[in-house]
Amino acid sequence: MLTVILNKKIISQLICIFVFGLCPQLLFSLNRKATPGRQCIALNQDWYFSKDSSADASLSTISHLAWHKVSLPHTWNDKDVTDDQPGYYRGVGWYRKSFAADQFPRNEKLFLSFNGINQEAEVFINRKLAGKHAGGYTRFVVPIDRFLKAPGKGLNEILVRVTNRFNEDIAPLTADFTFFGGIYREVNLLSTESVHFTLKDDGSDGVYISTPVVDSASAHISVKSLLENNSNVSKVLNVKQVVLDKAGKLVTSYTTTLRLAAGEQKELHQNLKTLTNPRLWSPANPYLYQVFTSITDQQTGETLDRIVNAVGLRWFKFDANTGFYLNGKPLKLMGASRHQDYKDMGNAVPAYLQIKDMEWIKRMGGNFVRIAHYPQDPVVLKACDELGILASVEIPIVNAITESEAFSLNCKHMQVEMIRQNFNHPSIILWGYMNEVLLRPKFTSDKPRQEIYYQHIRELAQELEKLTRKEDPGRYTMMACHGDFDRYNRIGLTKIPQVLGWNLYQGWYSGSTADFGKFLDKHHLDLPDQPVLITEYGADADPRIRSQSPVRFDKSVEYAIKFHQVYLNEILKRPFVSGAAAWNLADFNSETREETMPHINNKGLLTIDRKPKDTYHLYQAYLSKKPFIKIASANWYYRGGINDSLLATCTQPVTVVTNLDAAELFYNGKSLGIKKAQDRAIQWEVPFINGKNNLKAVGIAKQKFTDTVSLLFKNYASQPSNQTGKIFYNILLGANRMFIDEKARILWIPGKAYVAGSWGFLGGKPYSGTNNRILYGSDKDIKQTDMDPVYQTQQVGITAYKFDVPKGNYKLILHFAELLGGPSKEALAYNLDNNHKPEEQEVDRVFDVRVNGQMYLKNFNIAKQYGYATAVKKVIKLKVDNNQGIQIEFLPVKGLPVLNALQLVQQ
Ligand code: GCB
């Protein structure tokens with residue numbers, strides 16, 4: 001086992017390597033010499049990890065475990081959350097690491113600082129319990145010196161017992177995101193002098209900077225410092241505040257001298273001299289001052305501790321009629337919510353990727369992020385400060401509460417930790433504490449008991465509200481509610497927070513997009529004094545699914561574009577709406593979800609590995625201040641379609657998004673005309689030919705703004721005998737959508753009914769889905785494939801499929817999955833209108849399949865032979881004679897035959 005031997009030289013190297021983003025308060029030291037008095041050493045390498053699924057995993061069990069080396073951030077769920085097996089490991093994991101502490105002088109204090117462990121942690125030093133923490137999203141600090149071995153007695157061991165088991169006393173209880181277990185944020189070892197800023201203040205750095213009065217002429221900065229003297233002598237100390245501007249020039253400084261008796265702790269308040277003509281912080285100019293707060297021993301002149309904070313000077317307000325104001329001017333808050341996970345990494349995401357997310361928001365023209373549904377890595381808010389993105393942060397009370405004292409205490413503690421740890425970020429304007437807390441009301445069959453439950457929710461909200469205002473009177477409070485207006489209102493939640501957030505999905509989970517504007521107006525009419533923010537709205541867009549006739553819940557990018565256009569228009573035209581956060585910045589893990597991309601919520605404007613979807617570009621067109629033009633579907637590279645009648649072209653729409661009034665589209669050098677933009681988009685009908693197709697969009701403004709793209713198109717002749725090159729079809733049945741298989745570089749197109757000379761199905765109808773939302777197909781996770789959409793639709797009662805192909809050798813692949821029956825699942829809570837209808841009874845389905853007169857599948861019973869919702873592929877090699885074509889017959893034995901998809905490849 002490797003150990004970290006920390007000598008002073010290595011310490012300073014490690015500080016230089018790791019300090020960025022980990023111990024931001026120490027950046028000062030990088031430019032100068034090592035930070036006086038305090039060291040911060042990243043402890044992210046050379047950990048050993050083991051899972052322990054025994055029911056009472058305790059210290060005594062660990063010697064039997066198999067350990068393997070890991071580095072932090074780490075999660076044990078990165079793989080099991082996306083497999084075909086429902087559920088993921090929610091239990092105990094152990095982390096262990098050795099380190100030497102002899103090099104620290106005896107009088108120094110040592111602490112371990114954990115930025116985030118999900119969700120319960122016990123920290124043992126040399127097998128003695130040194131600290132505990134409940135809650136997966138906030139930092140905690142454990143003092144460790146009294147557990148360390150005496151100098152010269154060898155290495156010390158850190159052992160952390162982590163569990164992400166369900167615990168009814170810790171929020172979140174349920175949610176539409178995955179509760180990845182592990183030490184998934186960074187860990188630091190801190191050493192301080194005996195006199196230092198406190199590390200006992202719920203993970204804060206012991207220094208609070210407020211700007212109680214700011215206007216364009218002057219600004220007041222006041223600083224609260226929490227000091228500790230852990231030595232056994234009384235000390236006279238100078239606590240000094242030094243404010244530097246962005247260029248590093250001294251703006252003002254202020255020193256207080258005070259005495260701290262041995263063992264004493266003190267809170268010091270210092271009001272700095274008024275700054276005149278302050279440079280204000282805003283999204284357009286996120287100007288940051290630096291405040292250095294230090295403690296010096298008056299007698300020796302030695303600096304004992306120093307913390308640096310960035311400070312942005314700004315003032316803001318929410319108004320129920322006219323929206324949000326920053327620095328006295330109206331500003332519509334526009335942006336997205338953000339979850340913290342990433343493709344194949346779970347929540348164990350390196351800092352640079354987290355910072356990039358904020359850059360995506362900025363590049364989109366956004367000025368707001370809702371950090372949902374829990375506090376995130378410290379680097380995220382630091383990036384917001386630096387980029388000029390306003391932010392809300394919230395604790396993870398999601399869907400429901402537990403009516404226990406322990407649950408309430410944990411929630412309140414999380415709220416305090418969140419506020420104290422993030423207090424100094426100028427980007428934060430809102431503290432939130434509940435998300436859709438009435439979504440899963442308990443006691444539905446006992447109304448009187450349910451009223452008591454509601455009363456408990458109300459009381460918890462009131463307590464959190466009071467606590468938040470006390471902790472930070474300078475910001476606003478917020479609660480995010482789902483669209484059940486009357487219930488939140490009746491129960492008395494709508495007037496508790498200072499800003500009410502609504503998560504609205506009209507036109508997605510229910511109703512139509514036209515209902516969205518009506519809801520906003522109802523809010524304004526019924527709650528005229530309550531400022532409002534649209535905390536969520538969105539539609540899934542699986543980047544692999546496209547449609548020329550998009551409908552709700554088909555998961556097509558095209559439907560999402562239409563959805564967002566309506567929402568953006570409605571939000572932007574109402575001044576009383578302070579702003580909105582699209583749900584979500586990026587696709588994210590949601591283990592319990594199935595649908596086209598199982599275990600992933602596809603409402604992101606970016607994919608889960610952060611590739612922009614068309615919807616992201618639409619936001620750029622709506623929000624960018626600079627001229628913007630983009631061929632929206634540029635990232636849909638593998639295209640295709642059936643030719644227009646007997647021609648060699650296939651005409652399909654291409655969408656350009658722009659904030660310019662008009663644009664011209666050139667196709668292979670030829671103009672397709674100038675068109676005016678509507679809802680920041682323009683469509684042209686483009687006659688695609690087989691192979692490469694070049695498009696150029698030119699925005700008409702004083703200057704020319706262009707975007708070009710080259711797309712690959714596969715034309716299918718409407719009559720196979722006219723096909724140039726080899727015949728090659730990938731056809732979905734019962735679907736109106738297309739599916740892009742990026743790995744195979746092919747596009748699956750929707751099927752059509754047979755006409756002579758062409759190809760298509762005979763008989764049957766599309767499978768109509770298992771609930772009211774889905775207009776066609778199933779949302780079941782199809783096992784044994786990651787091309788679920790190929791199997792989620794089908795033609796039920798099909799009698800035949802015909803291809804009038806010329807003679808030759810062919811490979812025919814038939815794709816089946818039994819969509820009915822099998823284990824039934826509970827309706828997902830976040831299907832917000834709860835309109836899940838029970839699935840049709842399971843059917844006894846047996847049929848034969850005959851191809852060109854020859855029996856291929858006799859008494860085929862998909863469910864019995866392969867299981868429910870499981871991908872089945874049948875490959876048939878064929879020799880076709882002149883004028884014979886291909887005829888696939890489906891002959892019922894019991895129930896109705898089905899076909900989900902098929903492929904034909906000429907050999
Ligand atoms: C919501 C929830 C959010 C879900 C979202 C959805 O209202 O607040 O956690 O992810 O809906 O996509 O259903």
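The values are calculated or read from the model by the stated rules, or taken from the named source; none is laboratory data. Keep in mind that this is a model prediction, so the values were computed, not measured. Don't worry about glycine lacking a Cβ; one is built from the backbone with ideal geometry, like all the others, and counts go over all protein chains shown. Only protein heavy atoms, including side chains, enter the accessible area calculation; ligands, DNA and RNA are left aside. Shrake-Rupley method; radii C 1.70, N 1.55, O 1.52, S 1.80 Å.
Residue check: ALA697 meets all listed conditions (1) among the hydrophobic types (A, V, I, L, M, F, W, C); (2) crowded, with 20+ Cβ neighbours inside 10 Å; (3) over 35 Å from the mean Cα position of the chain (by Cα) but one, namely (3). Restricting to segment 467-481, and then to whatever is closer than 22 Å to PHE576 by Cβ and either among the acidic types (Asp, Glu) or open to solvent by 10 Å² or more (accessible area, probe 1.4 Å) (or both), can you tell me which residue is nearest to the ligand (Cβ to nearest atom)? Ranking the qualifying residues of segment 467-481, first place goes to TYR476.
Screening LEU527 with (1) more than 27 Å from the chain's Cα centre (by Cα); (2) aliphatic (A, V, I, L, M); (3) within 16 Å of the ligand (Cβ to nearest atom) gives one miss only, at (3). Residue count for segment 143-168, restricted to those that are out of contact with any helix residue (DSSP H, G or I) (no Cβ under 9 Å at 6 or more places or on another chain), assigned to a strand (DSSP E or B) and open to solvent by 20 Å² or more (accessible area, probe 1.4 Å): 2. For segment 293-302, the criterion of being within 16 Å of the ligand (Cβ to nearest atom) and in contact (Cβ under 8 Å) with a residue 24 or more places away in the chain is met by none of the residues. A single member of LEU464, LEU504, LEU493 is in the same structural domain as LEU527 (by TED's automatic domain parsing), touching a Gly at 6+ places or on another chain (Cβ under 9 Å) and buried (at least 21 other Cβ atoms within 10 Å of the Cβ), and it is LEU504.
Out of the residues in segment 181-226 that are among the acidic types (Asp, Glu) and open to solvent by 20 Å² or more (accessible area, probe 1.4 Å), which is nearest to GLU471 (Cα to Cα)? In this case the residue turns out to be ASP202.
If you check ALA400, ALA406, ALA372 for being closer than 25 Å to PHE316 by Cα and at pLDDT 95 or above, only one passes: ALA372.
Screening GLY181, GLY248 for residues that are on the phi > 0 side of the Ramachandran plot and not β-branched (Val, Ile, Thr) leaves exactly one candidate, GLY248.
Remark: pairs (first residue in segment 360-385, under 22 Å from THR138 (Cβ atoms) and acidic (Asp, Glu); second residue at pLDDT 95 or above and more than 16 Å from the ligand (Cβ to nearest atom); Cβ separation under 6 Å; 6+ apart in sequence or on different chains) = ASP377/ARG185; ASP377/GLN354; ASP385/ALA310; ASP385/HIS425; ASP385/PRO426; ASP385/SER427. Within segment 342-358, track down each residue that is of a type in the set (A, V, I, L, M) and free of Cβ contacts under 8 Å to residues at least 40 places away in the same chain. Of everything in segment 342-358, just one residue is of a type in the set (A, V, I, L, M) and free of Cβ contacts under 8 Å to residues at least 40 places away in the same chain, namely MET358. Among residues of segment 397-408 that are outside the structural domain of HIS373 (by TED's automatic domain parsing) and touching a residue at least 12 places away in the same chain (Cβ under 8 Å), none has a Cβ under 6 angstrom from a residue that is open to solvent by 10 Å² or more (accessible area, probe 1.4 Å) and within 16 Å of the ligand (Cβ to nearest atom) at a sequence gap of 6+ or on a separate chain.
Restricting segment 743-762 to residues that are in contact with a strand residue (DSSP E or B) (Cβ under 7 Å, 6 or more places away or on another chain) and assigned to a loop (DSSP other than H, G, I, E, B) leaves a set whose member that is surrounded by the fewest Cβ atoms within 10 Å (Cβ to Cβ) is ARG745.
Restricting segment 360-412 to residues that are under 26 Å from HIS482 (Cβ atoms) and among the basic types (Lys, Arg), the residue that is farthest from the chain's Cα centre (by Cα) is LYS412.
The residue list ASP779, ASP707, ASP786 contains one member that is of a type in the set (Asp, Glu) and either part of a strand (DSSP E or B) or under 24 Å from THR651 (Cα atoms) (or both), which is ASP707.
To keep it simple, each residue is scored yes or no on (1) open to solvent by less than 20 Å² (accessible area, probe 1.4 Å); (2) within 16 Å of the ligand (Cβ to nearest atom); (3) assigned by TED's automatic domain parsing to the domain that holds TYR567.
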{"position": "TYR325", "(1), (2), (3)": "no, no, no"}
{"position": "ASN347", "(1), (2), (3)": "yes, yes, yes"}
{"position": "TYR352", "(1), (2), (3)": "no, no, yes"}
{"position": "ILE361", "(1), (2), (3)": "yes, no, yes"}
{"position": "ILE371", "(1), (2), (3)": "yes, yes, yes"}
{"position": "LYS382", "(1), (2), (3)": "no, no, yes"}
{"position": "GLU386", "(1), (2), (3)": "no, no, yes"}
{"position": "LEU390", "(1), (2), (3)": "yes, no, yes"}
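Looking across segment 703-727, the residues that are among the hydrophobic types (A, V, I, L, M, F, W, C) and either within 30 Å of ALA663 (Cβ to Cβ) or touching a Leu at 6+ places or on another chain (Cβ under 7 Å) (or both) come down to PHE705, VAL709, LEU711, LEU712, PHE713, ILE727. Screening PHE179 against (1) among the aromatic types (Phe, Trp, Tyr); (2) part of a loop (DSSP other than H, G, I, E, B); (3) touching a strand residue (DSSP E or B) at 6+ places or on another chain (Cβ under 6 Å) leaves a single unmet condition, (3).
Scanning segment 102-116 for residues being open to solvent by less than 10 Å² (accessible area, probe 1.4 Å) and either outside any strand (DSSP E or B) or assigned by TED's automatic domain parsing to the domain that holds LEU381 (or both) gives a total of 2.
Here is a yes/no grid of residues against (1) touching a residue at least 40 places away in the same chain (Cβ under 8 Å); (2) surrounded by 20 or more Cβ atoms within 10 Å (Cβ to Cβ):
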| position | (1), (2) |
| --- | --- |
| ASN118 | yes, yes |
| ILE125 | no, yes |
| LYS128 | no, no |
| LYS132 | no, no |
| TYR137 | yes, yes |
| VAL141 | yes, yes |
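Of the numbered criteria (1) within 14 Å of the ligand (Cβ to nearest atom); (2) touching a Ser or Thr at 6+ places or on another chain (Cβ under 8 Å), the one PHE576 fails is (1). GLU570 passes every criterion in (1) within 16 Å of the ligand (Cβ to nearest atom); (2) more than 21 Å from the chain's Cα centre (by Cα); (3) acidic (Asp, Glu) apart from (1). Scanning segment 590-607 for residues that are open to solvent by less than 10 Å² (accessible area, probe 1.4 Å) and within 12 Å of the ligand (Cβ to nearest atom) returns SER590, ARG593, GLU595, ASN601, ASN602, LYS603, GLY604. Note on segment 402-447: residues that are crowded, with 24+ Cβ neighbours inside 10 Å and part of a loop (DSSP other than H, G, I, E, B) amount to 5.
Of everything in segment 540-554, what is of a type in the set (Gly, Ala, Ser) and either farther than 16 Å from TYR505 by Cβ or near the ligand (Cβ under 9 Å from one of its atoms) (or both)? Give them in sequence order. Before the answer, list the steps.
Taking segment 540-554 and keeping what is of a type in the set (Gly, Ala, Ser), we get 541, 547, 549.
If the condition is that a residue be of a type in the set (Gly, Ala, Ser) and either farther than 16 Å from TYR505 by Cβ or near the ligand (Cβ under 9 Å from one of its atoms) (or both), then SER547, SER549 are the ones that fit.
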